[in-house]
């Protein structure tokens, strides 16, 4: 288990140094970590951190890389945005009754990635594709996955039908058809983005490859080495793979 010594500004004038482990991203700007001495989870912004180094070796560590944090926002898309959009409306009774089907849709999508740390990797790739911003308004906070073709119209959560929207725009988009919500220029840009999305996140977990060599498979996928070390050695991590890898090795 990797333990880091982290120096961070608790207040403007107070700098704290603590040993921490179990690092997990919390959005784009924060992470949570466990302080073994008091067994409490701490929520800290990346910009509060002055330094982080391995408590045993002294090696300097990038916490953003270790956490697999989502990418920082890039430049907004240069596209004409409508001055107003339709407001969210109540779903029909039939749509409300489809709650279980929506949950199954979400679960089936996540199952294709196998484990949380793998989905986090591809989620970051998806966020990068959308430049870390809501496609509808350009803001960088509270990003969510929206069905481009609504679930109620037969759309599913799958590569090629996902648009990154903020919480507010996702609520406004609701069950509207894309042509009712986006401008013609936006739809033209989305056509290319969604085609690229199929390539970027069109991954399907291969159980045979996993059982053959879990660590090599994770490297092959592209999991950041710092994060990979953390999730394969730290049983306290939210995405820990310690037990899963042990089971895979037992089944060889």
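All of the numbers you see were taken from the coordinates with simple rules; none came from a lab. Predicted model only: the values in this text are computed from it and were never measured. Note: ideal-geometry Cβ built from the backbone for every residue, glycine included; neighbour counts use all protein chains shown.
Some points to look at:
- Using a Förster distance of 41 Å, the FRET efficiency for residue 249-residue 87 (Cβ separation, nearest 0.05): 0.15
- When each of the peptides 125-135, 166-176, 238-248 is scored by the mean number of other C-beta atoms lying within 10 Å of its residues, the order from highest to lowest reads 125-135, 166-176, 238-248.
- Shape of region 207-251, Cα gyration tensor, a/c cut at 1.5: oblate
- Three semi-axes of the equivalent ellipsoid, region 92-219, Cα gyration tensor, whole Å, largest first: 27, 19, 12
- For region 4-67, the Rg and Dmax computed from alpha carbons only, in angstrom: 10.8, 29
- In degrees, nearest ten, helix 116-129 long axis to first principal axis of the chain (Cα): 50
- Projecting label points 7 angstrom from Cα along Cα→Cβ for residue 219 and residue 77 puts them 3.7 nm apart.
- Here the chain is treated as an ellipsoid with the same Cα gyration tensor; its semi-axes, largest first and in whole Å, are 35, 24, 16.
- Seen against the Cα atoms of the chain and their longest principal axis, helix 242-251 is set at about 90 degrees.
- Computed E for residue 211/residue 57 - FRET, C-beta separation, R0 45 angstrom, nearest 0.05: 0.90
- Estimated inter-spin distance, residue 233 and residue 139, nm [label 7 Å along Cα→Cβ]: 4.0
- Start at zero, step by 5 Å, and the Cα-Cα distances of region 169-219 spread as 4, 16, 14, 14, 14, 9, 7, 11, 10, 2 percent across the bins.
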